[in-house]
Amino acid sequence: MAVGLQAAENISVLGNKPRWDVLEHYQQTITRDEFAHLINDVYGTHGFAPDLIEIKDDTARILMNRAAQKFFTLRFADSTEKRKLVPRLWRPAKSLSPAGSGKPLSGLKIALDPGHLGGKWAKMEERWFQVGDSKPVQEGDLTLCVARFLATRLRDLGAKVSFVRNDDEPTTAKRPDDFRELARKILIRNGVPQPRADVLDPTDPEKEKTIRWQSEILFYRYSEIRRRAALVNFKLHPDLVLCLHFNAEGWGDPNSPTLTDINHLHLLTNGSYLPEELEFDDERFEMIRRLLGRAYDEELPLADTIALAMARETSLPPYAYPTTNSTTKVGTSGYVYARNLLATRVYRCPVVYCEPYVMNSKDVFARIQAGDYEGTRNINGVERKSIFREYADSVAEGLVEYYSKARGNGD
């Protein structure tokens, strides 16, 4: 796997060299207790090397570069009353003016990020399966359909809505062939001295050791998401990003997939960094920047509220991660986990990452095959909305509930 492999100068895959000087803008914006809580209970829950972050009485010493023994010193605010303003381009709910009647999301800037890619790219991403002659299930197409319904709902409620992706094409201009040389170097560094060029069989257990497979991963998992982050951070400037996904259990051969009775729901916020991830200078910098931007203060209650609305609408039970190696359960709803995903880390605003419905569950598969429709239909003996409208409606209801209560006086 390309995951966790370093590039030059101790930077993660396709990562950017950290600009530590940016953190000067966050001096005295957080107290020691607030910083320690976020490090210990949200972002660094799995521990980390002791020289990476040292919390003292008045300052935190953060490693910038181990080889050069360079450190950044963050000065804490003396008290919550003496905190300086946090510099950020997104607006927390409490800073928004009260909404007019019928428009609880008025003025709110929301970016919709339909997960994955659809169309001809779905098979490459391994987010595709087909049962017999039925319509193929392609996650990227499903999420885009949901996003379009959700955009209409949110605009009716007063929000300003933008799309991070609004068609089948990648947002990055790069393509897998652009990464063949990097893929070859990664494989050699990973102990594959003479990597094969191409995947000969999709079921080949050795396919991950081929240049083709690795270059595709670099394209859709790294280059694509980093390009989406650039759109979010430098062009769209939303108050919130909603990452829309569908979940899945292992389905085996995508041409003869296993359908399951299992179905569930969970949401993700950023956090729960692994010790080996924090060894990368860019990931450590991005974590500290996100922590100081205080996105989590908005993300967690928002995710909890949306999760409960989705649970009411879908009747889905919470997903339980089989291990807690990469996640930490957070919040009060029982549906929300912190996890260090690339999208939740590099988007510089609150991000709520939705993972409802198991695509290869028998129930969800039947609902996907039914397509979109108005009203309800009998699916497997139950009257159900279109799965796309149910997903969109439940997210919209959670947003209305949160912002109706959390909006302030425009201060």
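Of the candidates ARG345, ARG384, the single residue that is over 20 Å from the mean Cα position of the chain (by Cα) and of a type in the set (Lys, Arg) is ARG384. Across the stretch 274-283, not a single residue is classified as among the aliphatic types (A, V, I, L, M), assigned to a loop (DSSP other than H, G, I, E, B) and either under 14 Å from the mean Cα position of the chain (by Cα) or closer than 30 Å to VAL131 by Cβ (or both). Exactly one residue out of ALA122, ALA93, ALA67 is over 28 Å from HIS237 (Cβ atoms), open to solvent by less than 80 Å² (accessible area, probe 1.4 Å) and either of a type in the set (A, V, I, L, M) or out of contact with any strand residue (DSSP E or B) (no Cβ under 6 Å at 6 or more places or on another chain) (or both), and it is ALA122.
The set of residues in the stretch 44-77 that are assigned to a strand (DSSP E or B) and among the hydrophobic types (A, V, I, L, M, F, W, C) comprises ILE53, ILE55, ALA60, ILE62, LEU63, MET64, PHE71, PHE72, LEU74, ALA77. Contact map, the stretch 263-289: residues that are under 20 Å from LEU302 (Cβ atoms) and charged (D, E, K, R) paired with residues that are at pLDDT 95 or above and open to solvent by 10 Å² or more (accessible area, probe 1.4 Å), Cβ distance under 7 Å, separation 6+ or inter-chain. Pairs shown: ARG289/VAL22. The residues of the stretch 22-36 that are open to solvent by less than 80 Å² (accessible area, probe 1.4 Å) and not in a loop (DSSP other than H, G, I, E, B), listed by number, are VAL22, LEU23, TYR26, THR31, GLU34, PHE35, ALA36.
Of the residues making up the stretch 129-158, those that are touching a His at 6+ places or on another chain (Cβ under 7 Å) and of a type outside the set (Val, Ile, Thr) are GLU139, GLY140. Applying the selection to the stretch 292-313, what residues are in contact with a Phe, Trp or Tyr (Cβ under 8 Å, 6 or more places away or on another chain) and free of Cβ contacts under 8 Å to residues at least 40 places away in the same chain? ASP304 - this is the single residue of the stretch 292-313 that is in contact with a Phe, Trp or Tyr (Cβ under 8 Å, 6 or more places away or on another chain) and free of Cβ contacts under 8 Å to residues at least 40 places away in the same chain. Just one of the numbered conditions (1) in contact with an Asp or Glu (Cβ under 8 Å, 6 or more places away or on another chain); (2) without any contact (Cβ under 8 Å) to a residue 12 or more places away in the chain; (3) not hydrophobic (A, V, I, L, M, F, W, C) is not true of LYS405: (1).
Does ASP204 satisfy being at pLDDT below 95 and over 25 Å from the mean Cα position of the chain (by Cα)? Yes, satisfied. For the stretch 200-215, the set of residues classified as in contact with an Asp or Glu (Cβ under 8 Å, 6 or more places away or on another chain) and over 21 Å from GLY250 (Cβ atoms) consists of THR210, ILE211, ARG212, GLN214, SER215, listed by residue number.
In this structure, ARG312 qualifies as assigned to a helix (DSSP H, G or I), within 30 Å of ARG389 (Cβ to Cβ), open to solvent by 30 Å² or more (accessible area, probe 1.4 Å) and at pLDDT 95 or above. GLY334 falls short of the stated requirement of being free of Cβ contacts under 8 Å to residues at least 12 places away in the same chain and either under 30 Å from ILE11 (Cβ atoms) or open to solvent by 10 Å² or more (accessible area, probe 1.4 Å) (or both).
Look at (1) surrounded by 20 or more Cβ atoms within 10 Å (Cβ to Cβ); (2) assigned to a loop (DSSP other than H, G, I, E, B) and you find that THR323 fails only one, number (1).
Looking across the stretch 371-400, the residues that are outside any loop (DSSP other than H, G, I, E, B) and surrounded by fewer than 16 Cβ atoms within 10 Å (Cβ to Cβ) come down to THR376, ARG377, ASN378, VAL382, GLU383.
Scanning the stretch 272-309 for residues that are under 23 Å from SER404 (Cα atoms) and among the hydroxyl-bearing types (Ser, Thr, Tyr), we see that the one that is surrounded by the most Cβ atoms within 10 Å (Cβ to Cβ) is THR305. In the set (1) part of a helix (DSSP H, G or I); (2) in contact with a Pro (Cβ under 8 Å, 6 or more places away or on another chain), GLY334 fails one condition alone, (1).
Does ILE39 qualify as being closer than 22 Å to ASN233 by Cβ, in contact with a helix residue (DSSP H, G or I) (Cβ under 8 Å, 6 or more places away or on another chain), modelled with pLDDT of 95 or more and open to solvent by less than 10 Å² (accessible area, probe 1.4 Å)? Judged against the criteria, ILE39 is not a match.
The values are calculated or read from the model by the stated rules, or taken from the named source; none is laboratory data. Because the structure is a prediction, the values reported are computed rather than measured. Note that we place each Cβ from the backbone using ideal geometry, even for glycine, and neighbour counts take in every protein chain shown. Accessible surface is based on the protein model in full, side chains and every heavy atom, while ligands, DNA and RNA are left aside. Shrake-Rupley method; radii C 1.70, N 1.55, O 1.52, S 1.80 Å.
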